[in-house]
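Peer 1: Below you'll find the structure I mean.
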Amino acid sequence: MDLSWNRFPRLKHRGVFNLSEGFVSLPRTESFCLPYGNGRSYGDVCLNEDGVLLNTRQLNHFIHFDQTTGRLRCEAGVLLKEILELVVPQNWFLPVTPGTQFITIGGAIANDVHGKNHHCAGSFGNHVIRLELLRSDGQRIVCSMEKAKDWFTATIGGLGLTGLITWAEIQLIPVNNPWILAQSRRFSSLDEFWEINSEAEHRWPYTVAWYDCLSAGRGQGRGVYISGQHAAETDKFPPRHPKSLRFPFDPSFSLINPLSLRLINTVYYHKPIKDMPSLSHYEPFFYPLDGVLDWNRIYGKKGFFQYQCILPPEDAQDGIKAMSKKIAASGQGSFLAVLKTFGNIPSRGLMSFARPGVTLALDFPNHGQTTLRLFKELDAIVSEAQGVLNPSKDARMSAQMFKSGFPRWEQFADFIDPKFSSSFWRRVTQ
């Protein structure tokens, strides 16, 4: 647990305390504590150098599920995958889900994760009914939008710092089956992306684009636009043969380089696409990377960075184009970046990342100062547009960048448990 999902930075902790069923209080320790779910955050938001991690994965019990109303209450260490395995056969689904199902519900709340349907559903915290917060002094606070609202809004998107979420109750959405009616469409430029997206968001609840961050010239900004909706009860479903692969070793260097990137992106862009919408099981639609376990190893022992920002709507087109030129010129980047627009549904959390605008997310192999210099250039574009970086995907943003993107951070600080802290929080506030 000295690493997050991107395997950088490498930090040492004084200890890990495994919380188990029936625990009464938090451990007494001289060091700061931090809840730790399944370690799928990037950077140091889930790390606590020289401190103690409170491992919640053994808090993995379901408490109550009302099959009639779709209300689910469970402990904080339950994975989204475990929720889906329970509720999908009973015709319910998560209201919002990120790009992996291997995160805990406590982590989903603490980072107020977003998904492909932000334009019509908002972020995860918008669907939390209530939760219990355990403070280091033993106080247990059951909070919601109606009761202890200030604690509720501080804990949603609160980066695990307000105390330990012991359990949460969420509202699921009804579905007919496990299938998604999905449609893919190529776009040859960012200008074409904006046109497709403007039309698609009025028709489809789930939208996202994968675009070629290294394309240049006539093909600059090309990509594949993906949209989807839950399938109807009357649809005929194809046979499914799920396969799970695992990346088997730790290479001494990153297998993602300009040559492999261009090859992967070209193959992805030119892969066959059906003219009409077709049925896809929810797993490959929502979680394509989960099909390759330990895929983070492909970046080698030095790990990788993820850079995710949101640019306000009025500056998004020019800002994304400027960032794309910088990334293409650098020769760095990921196999097909993620591009998506966020809607106007307000997030509940004081520190929530999701807000109206356009989000761009890319993975970068860790090439040290070469990569960090590129990030400074991207930061300048984001700052000029008054954009924001995602704390749960960050390992290096400056204090100035953080405070400008989250101006209510001092208000939030009043709710931080005096025994809780993280490497991220200390880095961006001290």
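Peer 1: Being part of a strand (DSSP E or B) and open to solvent by 10 Å² or more (accessible area, probe 1.4 Å) is the filter here; which residues of region 138-160 pass it? Give the derivation first.
Peer 2: Initially, region 138-160 is screened for residues part of a strand (DSSP E or B), giving 140-144.
Arg140, Ile141, Val142, Ser144 - these are the residues of region 138-160 that are part of a strand (DSSP E or B) and open to solvent by 10 Å² or more (accessible area, probe 1.4 Å).
Peer 1: Can you pull out the residues in region 305-320 that are surrounded by 24 or more Cβ atoms within 10 Å (Cβ to Cβ) and closer than 14 Å to Trp5 by Cβ?
Peer 2: Phe305
Peer 1: When you go through (1) under 26 Å from Gly70 (Cα atoms); (2) touching a Lys or Arg at 6+ places or on another chain (Cβ under 9 Å); (3) open to solvent by less than 50 Å² (accessible area, probe 1.4 Å); (4) not aliphatic (A, V, I, L, M) one by one for Gly163, which number turns out not to apply?
Peer 2: (1)
Peer 1: What about Ile170, is it modelled with pLDDT of 95 or more, β-branched (Val, Ile, Thr), surrounded by 15 or more Cβ atoms within 10 Å (Cβ to Cβ) and under 30 Å from Gln317 (Cα atoms)?
Peer 2: Details: modelled with pLDDT of 95 or more: yes; β-branched (Val, Ile, Thr): yes; surrounded by 15 or more Cβ atoms within 10 Å (Cβ to Cβ): yes; under 30 Å from Gln317 (Cα atoms): no.
No; evaluated as a whole, the condition is false for this residue.
Peer 1: In region 22-41, which residues are assigned to a loop (DSSP other than H, G, I, E, B), over 15 Å from Asn60 (Cβ atoms) and either touching a Leu at 6+ places or on another chain (Cβ under 7 Å) or without any contact (Cβ under 8 Å) to a residue 24 or more places away in the chain (or both)?
Peer 2: Listed by number, the residues that qualify are Val24, Leu26, Arg28, Glu30, Ser31.
Peer 1: Could you grab me the full set of residues in region 42-51 that are open to solvent by 20 Å² or more (accessible area, probe 1.4 Å) and either part of a strand (DSSP E or B) or in contact with a helix residue (DSSP H, G or I) (Cβ under 8 Å, 6 or more places away or on another chain) (or both)? Steps first, please.
Peer 2: Start the filter on region 42-51 by keeping residues that are open to solvent by 20 Å² or more (accessible area, probe 1.4 Å), which leaves 42, 49-50.
Residues satisfying the conditions are Tyr42, Glu49.
Peer 1: I've got another one for you. Please indicate, with yes or no, whether at least one residue in region 81-101 is in contact with a strand residue (DSSP E or B) (Cβ under 6 Å, 6 or more places away or on another chain) and among the small types (Gly, Ala, Ser).
Peer 2: Checked region 81-101: no residue is in contact with a strand residue (DSSP E or B) (Cβ under 6 Å, 6 or more places away or on another chain) and among the small types (Gly, Ala, Ser).
Peer 1: Could you tell me which numbered condition Phe415 fails, if it satisfies all but one of (1) open to solvent by less than 10 Å² (accessible area, probe 1.4 Å); (2) aromatic (Phe, Trp, Tyr); (3) over 21 Å from Ala316 (Cα atoms)?
Peer 2: Looking at each condition in turn, Phe415 falls short on (1).
Peer 1: For region 329-346, check the following and say yes or no: at least one residue is surrounded by fewer than 17 Cβ atoms within 10 Å (Cβ to Cβ) and among the basic types (Lys, Arg).
Peer 2: no
Peer 1: Could you please find all residues in region 300-317 being more than 22 Å from the chain's Cα centre (by Cα) and under 11 Å from Val358 (Cβ atoms)?
Peer 2: Hits for region 300-317 are Glu314, Asp315, Gln317.
Residue by residue, here is whether (1) among the aromatic types (Phe, Trp, Tyr); (2) in a loop (DSSP other than H, G, I, E, B); (3) surrounded by 12 or more Cβ atoms within 10 Å (Cβ to Cβ) holds:
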{"residue": "Ser252", "(1), (2), (3)": "no, yes, no"}
{"residue": "Leu261", "(1), (2), (3)": "no, no, yes"}
{"residue": "Asp275", "(1), (2), (3)": "no, yes, no"}
{"residue": "Phe285", "(1), (2), (3)": "yes, no, yes"}
{"residue": "Asn296", "(1), (2), (3)": "no, no, yes"}
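The values are calculated or read from the model by the stated rules, or taken from the named source; none is laboratory data. Small disclaimer: the values here were computed from a predicted structure and weren't measured. Cβ coordinates were reconstructed from backbone atoms using ideal geometry, including for glycine residues, and neighbour counts include every protein chain displayed. Only protein heavy atoms, including side chains, enter the accessible area calculation; ligands, DNA and RNA are left aside. Shrake-Rupley method; radii C 1.70, N 1.55, O 1.52, S 1.80 Å.
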